[in-house]
Amino acid sequence: MNPFSDVMRKALCSSPQSPSSNSTGLVPFGSPKFYVLCGMGGSICCGFTHLVITPLDIVKCRMQVDPLKYTGVVQGFKVAVAEDGVRGLARAWAPTTIGYSAQGFGKFGYYEIFKNVYGSMLSEENAYTYRSWVYLAAASSAEFFADFFLAPFEAVKVRMQTSSTAPKTMRECMPMIYKKEGMYGFFKGLPPLWTRQIPYTTVKFVCFERIMELMYTHVVPKPRAECTKMEQLLVTFSAGYLAGILCAVASHPPDVIVSQLNQDPNATLTSTAKKLGLKGMWAGLGARIIMIGTITAMQWFIYDGWKVVMGIPRPPPAEMPDSIRKKLENVQRK
């Protein structure tokens, strides 16, 4: 029996061989099918949301690499439309969708795997007491590997969105980068991408999990089990948006550096950081808060909805084990 599965996720079945999993009609918790479907849900939610938000992403990136020309979100949209037309706001939609779909598969699929693995190393009480650290370790590990899928497409995306000399299609831009810079051109942004994505993902998952706990404890007027599926999804969306705002702030400076690195083929991490300075690293924060808050909320809503549709176990937020509760009661009595 996996104590983490019992305490943290409250799964209906903590073992792939559990007979109860078949009787409930749910995908066996912790089975290969469970992780693959979670990865597919992550791929759908990340790919779709980044595709939808492409116009805002274009303005955000240009505000980061040319803050004098793109001074704000509204003004940035006006300049972008004036120069490229409305169709220009969809530039780089292909590498955006493919890259974040691949990354989403790794992010959510690996997160579920690592969370289960790391949690199973702890006792029932420690799994609950140190649950935030388990979330953090699982999210960090998942994002580390997921970014290998994202890095090449992120390089193409940023180059297409911010360079006036770059080809306007992915099938032309990828060969151009390879011809000029080789494979290094696709992965030179990986280290700063880690510095952006790992903090983003750890905040995204840890804050979401803990905010969900707080909302069901202090905000939602009835227990989760008594909420309808739609009510539960609305709570998921709200928790996701709050987590997304925190994500945007925590990961913004590295995001600016990534944009600068991929826009200039001669730039290095050190030279870019010196060029930007502390103030420059916060360019475009307002646009990114709107973008990341919306993306994160939509991702959690779609991911949770995917679980409902596919019959994937959706355990409630972590609850205090009886053993800890009894110890607290004994202390209070004394």
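Worth a mention:
- So Ala166, is it modelled with pLDDT of 90 or more and at negative phi: no
- Close pairs from the range 163-181: first farther than 15 Å from Thr97 by Cα, partner open to solvent by less than 40 Å² (accessible area, probe 1.4 Å) and outside any helix (DSSP H, G or I), Cβ under 7 Å, at least 6 apart: Lys168/Arg91; Cys173/Ala166; Cys173/Pro167; Met176/Pro167
- Tallying residues that are within 19 Å of the chain's Cα centre (by Cα), open to solvent by 30 Å² or more (accessible area, probe 1.4 Å) and either under 25 Å from Met174 (Cβ atoms) or among the aromatic types (Phe, Trp, Tyr) (or both) within the range 256-310 yields 2.
- The residue that is nearest to Cys207 (Cα to Cα), among those in the range 311-334 that are among the hydrophobic types (A, V, I, L, M, F, W, C) and crowded, with 17+ Cβ neighbours inside 10 Å, is Ala318.
- Some residue of the range 250-269 being within 26 Å of Glu319 (Cβ to Cβ) and either in a loop (DSSP other than H, G, I, E, B) or in contact with a Gly (Cβ under 6 Å, 6 or more places away or on another chain) (or both): no
- Residues of the range 218-255 satisfying the condition of being without any contact (Cβ under 8 Å) to a residue 12 or more places away in the chain and open to solvent by less than 20 Å² (accessible area, probe 1.4 Å): Cys227
- Criterion applied to Ala142, Ala92, Ala166 was being more than 29 Å from Tyr303 (Cα to Cα), touching a Lys or Arg at 6+ places or on another chain (Cβ under 7 Å) and not basic (Lys, Arg), and the one residue passing it is Ala166.
- Any chance Tyr128 is within 28 Å of Pro32 (Cβ to Cβ), open to solvent by less than 50 Å² (accessible area, probe 1.4 Å) and modelled with pLDDT under 95: yes
- Helices (runs of 4 or more DSSP H) (entirely within the range 1-120) containing at least 3 residues that are at pLDDT below 85 and buried (at least 22 other Cβ atoms within 10 Å of the Cβ): 54-65
- Flag if Ala273 is in a helix (DSSP H, G or I) and free of Cβ contacts under 8 Å to residues at least 40 places away in the same chain: yes
The values are calculated or read from the model by the stated rules, or taken from the named source; none is laboratory data. All values reported here derive from a predicted model rather than from experimental measurement. Please note: Cβ atoms are built from the backbone with ideal geometry, for glycine as well, and neighbour counts cover all protein chains shown. What goes into the accessible areas is simple: the full protein's heavy atoms, side chains included, and nothing from ligands, DNA or RNA. Shrake-Rupley method; radii C 1.70, N 1.55, O 1.52, S 1.80 Å.
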